[in-house]
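To start, the structure under review is shown below, and the notes come after it.
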């Protein structure tokens, strides 16, 4: 039996150094990340054992490593690399939805955040954007 489900990480805040402007790469800024990892949850639901599930702590650690370790000029590039990296790291994930929001975009108008959303499947991950 299969049971399509999603493991959700909501509002993970990370400090990263992405941006077009020099000061963004130098000082960084906070980002808010929302993830939905599509997977078959039947085994985890049936066994009730962590080893059969996607571990939230491992997802957060992988997200932090992938998102923070490499600088990108554009949020689009950082988001694609994040989704692709999560698909590579977690074989049981079929697709990744990622929303990456820059909490302090360098514009004069006052807004809560600006960013991008994407959904990447395993088939998409092999394609170059």
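Where a number appears in this text, it was derived from the coordinates with a stated rule and is not lab data. Since the structure is predicted, the reported quantities are computational estimates derived from the model, not experimental observations. All Cβ positions, glycine included, derive from the backbone under ideal geometry; neighbour counts span all protein chains shown.
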Packing rank of 113-126, 35-48, where each peptide gets the mean count of other beta carbons within 10 Å, highest leading: 35-48, 113-126
Once every Cα of the chain carries one equal point scatterer and solvent is ignored, give the base-10 log of I(q)/I(0) from the Debye formula at q = 0.20, 0.22 Å⁻¹, two decimals. -1.10, -1.27
Relative contact order (%) - criterion: Cα under 8 Å, at least six apart; region: the chain: 26
Mean Cβ count within 10 Å, highest first, over the residues of peptides 79-86, 55-62: 79-86, 55-62
Say each of residue 2 and residue 60 gets a label point 7 Å from the Cα, pointing the same way as Cα to Cβ; how far apart are those two points in nm? 3.0
GNM, the chain, Cα, under 10 Å: largest mean-square fluctuation among 110, 22, 89? 110
FRET efficiency, residue 122 to residue 13 (Cβ-Cβ, R0 30 Å, nearest 0.05): 0.60
When the helices in the chain are scored as -39500 (n - 2.57) per DSSP H run of 4 or longer and the sum is shared across all residues, what 222 nm value do you end up with, to the nearest 500 deg cm²/dmol? -10000 deg cm²/dmol
For the pair residue 48 and residue 34, how long in nm is the line joining their label points, each one 7 Å along Cα→Cβ? 3.2
Peptides 95-108, 1-14: what's the order by average Cβ count within 10 Å, highest mean first? 95-108, 1-14
